[in-house]
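Each remark here refers to the structure printed beneath this line.
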Amino acid sequence: MLSLRLAIPTVNTLSPPKPKPKSGLVQTASNQTEIFPSRVSVPKRYGYKLQAATTDVANEEISVAGEFSEEEEELPEGLNKELMPKHVAVIMDGNGRWARQRGLPTSAGHEAGVRSLRELVELCCRWGIQVLTVFAFSYENWIRPKVEVDFLLSLFERTLKSELDTTSRGGIRISVIGDSSKLPASLQELIHDVEETTKDNSRLQLIVAVSYSGKYDVVQACRSIAEKAKHGNIQLEDINESLIEQELETNCTEFPYPDLLIRTSGELRVSNFLLWQLAYTELVFVQQLWPDFGKDEFVEALTSYQQRQRRYGGRHS
């Protein structure tokens, strides 16, 4: 399972996070960690090894044991296999707020977010979802403080390296979309290697949007089409929705249009994510911050999705 290197700076005077309103999406499992006062708890699934007064993110190794299950499992009660989405997209929002609520640095929130992603990938594998697209780093995120941007890119690179063997054995194909020109050369090379290594896997396709902008995606598609028209490869009448779809960055998957979009942290917007592809996607917004999003929350989002009628502009009789 996930193996990341980090250490989270902590002190012994942390205040507990503000209580969240009770709802069916709240996960309450918790576990006391020795270096915290008894009033502060950390969700069990993070498996933290916290080390006081440490600031070097490479000093402490954290391992979450296990492998991706090779078999699909029976769906949770209330879910219908025939109505499961083929493609789920997620805006993973709230890592920074999660960390601030616990008196931890922003980096700790991003590390916790990786664990939630790892759990979601495993659930998608077990429940037969074919494509999972996650918004990991938007093009607009480049304006964040350099120390945070550098940490996020480093975390992404370390996660790709540490998870490559596990995802390969689990039959997971990894694709990365977005403007890669601003990424470090080492990360660009790693992305290419990971995509090549996993390209024949078919159990689940994990699409990671890094330095991604929905507007940029449409613009680069238009540029590509214009270039082909300029050289006489296509005619004006050839330009249609299907042609544009072929030029979008989601042309890497058989199912480019998400059936379901989940956004965490209570924000009610799509934030420049998959703007063309979300035209008829069902949207679910949840209050939980991303590191608090787990199996129960995913089941509730899927249940909401399965209770909807998808008419695509038509009308059911």
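The values are calculated or read from the model by the stated rules, or taken from the named source; none is laboratory data. The model shown is predicted, which means the values in this text are computed figures rather than measured ones. Don't worry about glycine lacking a Cβ; one is built from the backbone with ideal geometry, like all the others, and counts go over all protein chains shown. These accessible areas exclude ligands, DNA and RNA; they are computed on the full protein's heavy atoms, side chains included. Shrake-Rupley method; radii C 1.70, N 1.55, O 1.52, S 1.80 Å.
Quick one: count up the residues across region 229-258 that are without any contact (Cβ under 8 Å) to a residue 40 or more places away in the chain, surrounded by 16 or more Cβ atoms within 10 Å (Cβ to Cβ) and more than 26 Å from Gly314 (Cβ to Cβ).
Total satisfying the criteria: 1.
Has region 177-197 got any residue that is touching a residue at least 12 places away in the same chain (Cβ under 8 Å), buried (at least 18 other Cβ atoms within 10 Å of the Cβ) and more than 30 Å from Thr106 (Cβ to Cβ)?
no
So Leu283 ticks every box in (1) touching a residue at least 40 places away in the same chain (Cβ under 8 Å); (2) in contact with a Leu (Cβ under 7 Å, 6 or more places away or on another chain); (3) under 24 Å from Tyr216 (Cα atoms) but one. Which box is left unticked?
(1)
Give the residues of region 121-130 that are touching a residue at least 60 places away in the same chain (Cβ under 8 Å), farther than 16 Å from Thr303 by Cβ and out of contact with any Gly (no Cβ under 8 Å at 6 or more places or on another chain), sorted by residue number.
Selection gives Val121, Gln130.
I'd like to know if region 259-275 contains one or more residues that are more than 14 Å from the chain's Cα centre (by Cα), over 24 Å from Gly109 (Cβ atoms), open to solvent by less than 10 Å² (accessible area, probe 1.4 Å) and not hydrophobic (A, V, I, L, M, F, W, C).
No, because not a single residue in region 259-275 is more than 14 Å from the chain's Cα centre (by Cα), over 24 Å from Gly109 (Cβ atoms), open to solvent by less than 10 Å² (accessible area, probe 1.4 Å) and not hydrophobic (A, V, I, L, M, F, W, C).
Name the residues in region 126-154 that are part of a helix (DSSP H, G or I), open to solvent by 10 Å² or more (accessible area, probe 1.4 Å) and not β-branched (Val, Ile, Thr), would you?
Arg126, Tyr139, Glu140, Asn141, Trp142, Lys146, Glu148, Asp150, Phe151, Leu152, Leu153, Ser154
In this structure, is Glu157 surrounded by fewer than 20 Cβ atoms within 10 Å (Cβ to Cβ), under 15 Å from the mean Cα position of the chain (by Cα) and part of a helix (DSSP H, G or I)?
yes
Could you tell me which residue of region 67-117 is nearest to Val210 (Cα to Cα), considering only residues that are buried (at least 22 other Cβ atoms within 10 Å of the Cβ) and touching a Gly at 6+ places or on another chain (Cβ under 7 Å)?
Ranking the qualifying residues of region 67-117, first place goes to Met92.
Out of the residues in region 160-176 meeting the condition of being open to solvent by 30 Å² or more (accessible area, probe 1.4 Å) and in contact (Cβ under 8 Å) with a residue 40 or more places away in the chain, tell me which one is farthest from the chain's Cα centre (by Cα).
Ranking the candidates gives Arg169 first.
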